[in-house]
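Chemist: Take this structure, written in structure tokens, and hold onto it; I'll ask about it next.
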Amino acid sequence: MAEEPIIQIKNVHKRFGAVEALRGVSLDVYRGEVVVIIGPSGSGKSTLLRCINRLEEYDEGQIIVDGIPLDSAQNINAVRREVGMVFQSFNLFMHMTALENLILAQQVVRKRSRAEAQEIAYNLLVKVGIPEKANAYPIQLSGGQQQRVAIARALAMNPKIMLFDEPTSALDPEMIKEVLDVMLNLAQEGMTMVVVSHEMGFARAAANRALLMDGGLIIEEAAPDVLFTNPKHERTREFLSKVLH
């Protein structure tokens with residue numbers, strides 16, 4: 001029997017008033033796969049991502065994450081414990097050091113002792129390349145460093161899946177690479193990742209599949225090399241002509 005997808009999205013619709021943000025989206029993501037979602041603003045990319053851990057309610061359809069349907073508060077909480085999310089804004093606690101930001105949720109959600117949480121936190125700061133910033137407050141860090149702390153904080157929960165919502169869009173160009181390098185390492189280690197991003201280089205280097213969304217639908221999906229060099233749909237060609245230089 002073929003392996004079950006770790007994320008199953010079945011005919012999901014989402015409306016904001018009269019606007020239909022998602023118009024019957026279906027997508028399977030397999031364990032260890034990296035899927036990058038591209039598309040113009042307002043195409044439904046971030047809405048779809050936020051539906052995967054029910055940060056956004058959807059109106060119709062079904063989402064199942066690691067065998068758990070998102071249909072009750074208990075199930076939603078169970079899924080959220082297994083899914084890490086990194087946003088455009090870093091959402092760090094400004095009154096806590098980088099290390100403290102990583103320790104808090106481990107103690108509250110994973111019920112780890114302070115000593116264990118601290119050791120995991122420090123090792124993750126090593127992993128994202130900023131162990132020397134353990135005792136720095138977010139205001140003392142660059143945007144790229146703050147985003148790396150945010151990624152480390154998500155990893156501290158031992159997620160099975162990582163969701164990234166345009167993680168580099170708020171960063172200066174020279175800081176983008178340091179964040180993408182961390183994400184690339186995660187991909188190479190086999191982390192299941194769904195990434196909304198305009199970073200085509202990252203998609204080429206790390207993604208198993210790239211998807212173009214527009215108007216609340218998945219217009220086209222293919223391996224990144226195929227999608228970027230030989231897209232089938234006119235809409236895909238039009239979008240890529242604007243973003244690929």
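Chemist: Can you give the helix-only mean residue ellipticity at 222 nm for the chain, where every DSSP H stretch with n ≥ 4 adds -39500 (n - 2.57) and the sum goes over all residues, rounded to the nearest 500 deg cm²/dmol?
Modeler: Working: 9 runs with 95 residues, N = 245.
Using -39500 (n - 2.57) per qualifying helix, the result is -11500 deg cm²/dmol.
Chemist: So, one more: Give me Rg over Rh for region 33-156, both radii from the alpha carbons and Rh done the Kirkwood way, two decimal places.
Modeler: Working: Rg = 16.2 Å, Rh = 16.0 Å.
A ratio of 1.01.
Chemist: Sticking with this structure for a sec: So if the hydrodynamic radius of region 126-170 is defined as the Kirkwood radius over C-alpha pairs, what does Stokes-Einstein give as its diffusion coefficient at 37 °C and 0.692 mPa s, in µm² per second?
Modeler: Values: Rh = 11.4 Å.
D = 288 µm²/s.
Chemist: So which trypsin sites (Lys or Arg not before Pro) in region 182-234 end up in coil per DSSP with only 14 or fewer other C-beta atoms within 10 Å? Please report the intermediate quantities before stating the final value.
Modeler: Details: sites: ARG204, ARG209, LYS232; in loops: LYS232.
Sites meeting the loop and neighbour criteria: LYS232.
Chemist: Can you tell which of VAL194, PHE90, GLY17 lies farthest toward the positive end of the dipole of the chain, using +1 and -1 charges on the Cβ of basic and acidic side chains (Lys, Arg; Asp, Glu)?
Modeler: PHE90
Chemist: Volume per residue, Å³, of the convex hull around the alpha-carbon atoms of region 82-137? Working shown, then result.
Modeler: Numbers: hull volume 5.2 nm³, N = 56.
Convex hull volume per residue, Cα atoms: 92 Å³.
Chemist: Give me the percent of the accessible area of region 123-220 that comes from carbon and sulfur atoms, probe 1.4 Å, all protein chains in place.
Modeler: The C+S portion of the solvent-accessible surface of region 123-220 is 49 percent.
Chemist: Using modelled backbone amide H atoms (1.01 Å from N, in-plane), which distant-in-sequence or interchain residues come within less than 5 Å of MET85's amide H?
Modeler: Sorted by chain and number, the residues that satisfy this are LEU163.
Chemist: Can you check what the Kirkwood hydrodynamic radius comes to for region 142-245, Cα pairs only, in Å to one decimal? Don't jump to the answer; show the numbers that get you there.
Modeler: Working: mean 1/r = 0.0682 Å⁻¹.
Kirkwood radius, region 142-245: 14.7 Å.
Chemist: Rolling a 1.4 Å sphere over the protein heavy atoms, what is the accessible area per residue of region 135-236, to the nearest Å²?
Modeler: Values: 4050 Å² over 102 residues.
Averaged over the residues of region 135-236, the accessible area is 40 Å².
Chemist: How many angstrom lie between the Cα centre of region 162-196 and the Cα centre of region 25-67?
Modeler: 17 Å
Chemist: Assigning unit charges at the beta carbon (Lys, Arg +1; Asp, Glu -1) and nothing else, what dipole magnitude in debye, to the nearest 20, does the chain show about its Cα centre?
Modeler: Details: 26 positive and 30 negative charges, 83 e Å.
The calculated dipole for the chain is roughly 400 debye.
Chemist: Calculate, in whole percent, how much of the Cα-Cα pair population of the chain lies beyond 27 Å. Let's see the in-between values first.
Modeler: Numbers: 10888 of 29890 pairs.
So the portion of pairs separated by more than 27 Å is 36 percent.
Chemist: For region 64-151, with only Lys/Arg (+1) and Asp/Glu (-1) charged at the beta-carbon, what is the dipole magnitude about the Cα centre, in debye rounded to 20?
Modeler: Details: 9 positive and 7 negative charges, 24 e Å.
Taking the Cα centre of region 64-151 as origin, the dipole is about 120 debye.
Chemist: Tell me the GluC sites (Glu not before Pro) within region 11-97 that lie in a loop according to DSSP and have at most 11 other beta-carbon atoms within 10 Å.
Modeler: Values: sites: GLU20, GLU33, GLU56, GLU57, GLU60, GLU82; in loops: GLU33, GLU56, GLU57.
Loop-located and lightly packed - GLU57.
The values are calculated or read from the model by the stated rules, or taken from the named source; none is laboratory data. The structure presented is a predicted model; accordingly, all values stated were derived computationally and were not measured. Note that we place each Cβ from the backbone using ideal geometry, even for glycine, and neighbour counts take in every protein chain shown. Side chains included, ligands, DNA and RNA excluded: accessible areas come from the protein's heavy atoms. Shrake-Rupley method; radii C 1.70, N 1.55, O 1.52, S 1.80 Å.
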